[in-house]
Amino acid sequence: MQTMIALQTDQDSQTMTSPSDTGGEDKTITALIHVLSWLHPRDLASLACTCSALNTASAVVNSARAKDLTRGLERFPVPAINDIDRPLYPIFAYSPFPVLRSLPALLPWRSDPEKSGRKLSSESFDVCPRSRPTNRCCPCSDYHFLPRQSHAISSTDGSLSSRETDSPASKRYKSLAPLCGHLPGGKLIYDENSRLNIISNEHYHWQDFLLIMECGSACSCSINCKYRVTQRGLNIKVAVYRDALKGWSLQAMEHIPKGTFMFEYAGELLTTLEARRRQKQYDELRASNKNFVSSLIVMREHLPSGNVCLRLNIDATHVGNVARFVNHSCDGGNLQPCLVRLSGSMIPKLAFFASCDITEGDELTFSYGDECDVSKAHECFCKTASCKGFLPFEET
């Protein structure tokens with residue numbers, strides 16, 4: 001999606017060693033490697049030009065960073081592959097989960113989550129740290145009340161009979177938010193393999209995403225609960241590679257069955273005012289540098305009346321995860337985006353599931369939307385039969 005880089009953890013320090021530990025020069029380079037690992041790529045590049053020792057140490061650090069953009073924070077390493085031009089890897093700070101706007105400045109280019117005192121967790125985006133009542137779980141037996149959204153109930157499959165639908169009890173049942181791991185009507189969201197039970201044959205519009213309810217901080221279950229599928233970080237093996245036309249892209253590195261959870265969209269959570277300010281800044285940068293591409297996504301949940309209920313702004317331009325490299329496809333691509341709510345949190349997140357069986361080597365794509373302002377839109381290179389020629393664009 002855009003030109004960027006990742007961080008480095010102590011987990012990678014084993015790979016960042018000089019060929020030999022004997023001799024004063026080798027010890028110097030080894031020491032430099034541990035120090036340089038904390039530097040921003042721009043500073044690292046500047047120091048590499050000063051002397052041969054710094055150049056050698058910088059090359060080792062850059063090589064290690066390119067081998068795993070996640071800096072050891074994910075279940076699987078994510079390599080960067082570039083056979084097109086010069087950048088070894090994209091420059092950005094990696095975070096498995098959404099973070100508050102104030103957090104990115106505290107993310108070093110090399111960190112140990114166990115020692116830093118700031119463990120990243122799936123709950124890090126919950127901006128309301130107040131204590132919550134604990135529900136009996138799991139499996140969940142209590143309803144968790146949330147505002148009813150029009151798209152949150154549009155995916156029912158008629159699992160209730162017509163007689164039950166007309167009964168007072170069923171009306172009250174359907175007026176409540178779904179149980180964790182269920183849709184309104186009682187249908188389970190995940191099957192026995194933790195794959196999404198409901199996959200649309202047509203790609204969703206931003207306003208019509210399937211809403212998933214998972215266990216969260218209001219539940220007493222652990223992260224291993226079967227209703228916490230999207231809370232364990234990257235779930236499949238992928239690689240970031242450089243495409244001659246699209247720039248950085250994301251590729252599957254294994255066979256992925258339909259319905260498999262892939263990853264969520266991580267980045268900085270912004271206010272609407274800040275999102276609009278950044279978008280204006282990004283538009284100006286794009287005008288002066290055609291290779292610049294931002295990774296700011298805006299999601300809106302709507303009431304049945306059509307009025308906006310909740311707006312969520314996630315900017316992965318500077319801080320994000322592998323989802324920031326997923327490119328647009330006019331035919332809907334092979335990923336299905338879903339809104340996920342955790343019980344106890346009012347802030348949803350964006351998660352991606354495989355909308356079809358994905359073969360190893362396939363590029364991972366989804367539809368950015370339908371609206372397009374040709375005067376501001378960028379050229380589309382999806383090369384599908386339904387390609388419209390321009391990327392979707394909507395004012396923030």
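The values are calculated or read from the model by the stated rules, or taken from the named source; none is laboratory data. Everything numeric in this text was worked out from a predicted model, so none of it was measured. Cβ coordinates were reconstructed from backbone atoms using ideal geometry, including for glycine residues, and neighbour counts include every protein chain displayed.
Brief remarks follow.
- Subset of the range 309-337 that is part of a strand (DSSP E or B) and within 12 Å of the chain's Cα centre (by Cα) - its residue that is surrounded by the most Cβ atoms within 10 Å (Cβ to Cβ): Gly320
- Filter result for Leu39 (touching a strand residue (DSSP E or B) at 6+ places or on another chain (Cβ under 9 Å), modelled with pLDDT under 90 and within 26 Å of Phe97 (Cα to Cα)): yes
- Scope the range 260-307; condition in a loop (DSSP other than H, G, I, E, B), at pLDDT 95 or above and either farther than 18 Å from Gly320 by Cα or among the aromatic types (Phe, Trp, Tyr) (or both); matching residues: Thr260, Tyr265
This table checks each residue for (1) of a type in the set (A, V, I, L, M, F, W, C); (2) over 22 Å from Phe92 (Cβ atoms); (3) buried (at least 20 other Cβ atoms within 10 Å of the Cβ); (4) in contact (Cβ under 8 Å) with a residue 24 or more places away in the chain.
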| position | (1), (2), (3), (4) |
| --- | --- |
| Asn224 | no, yes, no, no |
| Asp243 | no, no, no, yes |
| Ile256 | yes, yes, yes, yes |
| Glu274 | no, no, no, yes |
| Lys280 | no, no, no, no |
| Glu284 | no, no, no, no |
| Asn289 | no, no, no, no |
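- Whichever residue in the range 24-54 is among the polar types (S, T, N, Q) and surrounded by 14 or more Cβ atoms within 10 Å (Cβ to Cβ) and, among such residues, is farthest from Tyr89 (Cα to Cα): Thr28
- Single residue of Pro113, Pro96, Pro104, Pro87 found to be modelled with pLDDT of 90 or more and either in contact with a Leu (Cβ under 9 Å, 6 or more places away or on another chain) or crowded, with 17+ Cβ neighbours inside 10 Å (or both): Pro96
- Within the range 346-396, restricting attention to residues that are at pLDDT 85 or above and among the small types (Gly, Ala, Ser), the residue that is nearest to Ile198 (Cα to Cα) is Ser355.
- Applying the condition of being in a loop (DSSP other than H, G, I, E, B), among the small types (Gly, Ala, Ser) and surrounded by fewer than 18 Cβ atoms within 10 Å (Cβ to Cβ) to the range 175-203 and asking which residue is modelled with the lowest pLDDT yields Ser200.
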